[in-house]
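Visitor: Input: one structure, supplied below.
The values are calculated or read from the model by the stated rules, or taken from the named source; none is laboratory data. Remember, predicted model here, so these are calculated numbers, not experimental data. Backbone-built Cβ (ideal geometry, glycine too); neighbour counts: all protein chains shown. What goes into the accessible areas is simple: the full protein's heavy atoms, side chains included, and nothing from ligands, DNA or RNA. Shrake-Rupley method; radii C 1.70, N 1.55, O 1.52, S 1.80 Å.
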Amino acid sequence: MSDASYRDAIFSTPLDRVANFSFDEQVVACFPDMIRRSVPGYGQILGMLGLIAERHLRFGAHVYDLGCSLGAVSLALAGRLPPEAFTLTGVDLSPTMVARARETLSEECPDHRIDIIEGDIRHIDYRPAGMIVLNFTLQFLPPEDRRAVIEHLYNALEPGGVLVLSEKIVLPDEQENAWLVERYHDFKRANGYSDMEISQKRTALENVLVPDTLEAHHDRLRTAGFTRVNTWFQYLNFASMVAFKDA
């Protein structure tokens, strides 16, 4: 996957008008570099998914990766679990992402039963699943649609199933949130992004990526029916939660 990817320089030149961010061919081409330099802790989250699956996924159960991008979750699970341990469906709205993910997974883990489909996660007919992963996906849906999606996923999970939800978050206290955002910008500067790139990317994501507070996520998960909800990881304003459906 890395051989066919490039350094993220999308916002490295001044733009008269910054268009809304979208997962187009330009983004797909540099996506591995973009997410590595833009999402604190992304590698650690991926690394834990296989361990969570080893501990909580029923052998032979189905897994969904919603907003699968280039198939990183599939690769993480395939790296820890044998082909007969699970089946997986990855869903993404970007046809370019889907094509690249299919190519990568057919090369990297051909013996695993992984299907990548193009679709809107709000309108999928889900089969019973032992594990569902949303890695930085819910935040791109309209806020008014998020509760229904979580409820739908809760209903799709088998008893004892697990949902992993990773999201960019916002703090309820304005001053504390501003401090965290500035440290996040420091993180991006340390990874080679200029102030202009940071500013133009932030403009492009405005009203496209709308983060929730951790409290809002926990409330939504509990309202859907999850009785155990834990924030197991946080790095700056990025967090990952795990929610369990009662057996």
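Visitor: Please state which one of GLU144, GLU158 is at pLDDT 95 or above, on the phi < 0 side of the Ramachandran plot and assigned to a helix (DSSP H, G or I).
Guide: GLU144
Visitor: List, please: which pairs have Cβ atoms under 6 Å, are six or more places apart or on different chains, and start with a residue in segment 80-96 that is polar (S, T, N, Q) and end with one that is open to solvent by 20 Å² or more (accessible area, probe 1.4 Å) and at pLDDT 95 or above?
Guide: From segment 80-96, the pairs are THR87/ARG113; THR89/ASP115.
Visitor: Let me ask another. Just checking, which of ASP120, ASP115 is more than 27 Å from ARG55 (Cα to Cα) and charged (D, E, K, R)?
Guide: After applying the criteria, what remains is ASP120.
Visitor: Could you tell me which numbered condition PRO128 fails, if it satisfies all but one of (1) closer than 22 Å to ASP92 by Cβ; (2) in contact (Cβ under 8 Å) with a residue 60 or more places away in the chain; (3) open to solvent by 30 Å² or more (accessible area, probe 1.4 Å); (4) under 20 Å from the mean Cα position of the chain (by Cα)?
Guide: For PRO128, the exception is condition (4).
Visitor: Could I ask something else about it? Pick from THR223, THR213, THR203: which is of a type in the set (Val, Ile, Thr), touching a residue at least 40 places away in the same chain (Cβ under 8 Å) and open to solvent by 70 Å² or more (accessible area, probe 1.4 Å)?
Guide: THR223
Visitor: Looking at this structure, is PHE233 under 21 Å from the mean Cα position of the chain (by Cα) and farther than 19 Å from GLY43 by Cα?
Guide: no
Visitor: Checking GLN175 against (1) at pLDDT 95 or above; (2) in contact with a Phe, Trp or Tyr (Cβ under 7 Å, 6 or more places away or on another chain), which test does it fail?
Guide: (2)
Visitor: Somewhere in segment 79-93, is a residue surrounded by 14 or more Cβ atoms within 10 Å (Cβ to Cβ), among the acidic types (Asp, Glu), part of a strand (DSSP E or B) and within 18 Å of the chain's Cα centre (by Cα)?
Guide: Yes, the conditions are met somewhere in segment 79-93.
Visitor: Do any helices (runs of 4 or more DSSP H) entirely within segment 1-78 hold 1 or more residues that are among the acidic types (Asp, Glu) and modelled with pLDDT of 95 or more, and if so, which?
Guide: 42-56
Visitor: Same structure again: Cβ-Cβ below 7 Å, separation at least six or inter-chain, first residue in segment 134-147 and closer than 19 Å to VAL162 by Cα, second at pLDDT below 95 and part of a loop (DSSP other than H, G, I, E, B): which pairs?
Guide: Listed pairs, sorted by first residue: PHE136/VAL39.
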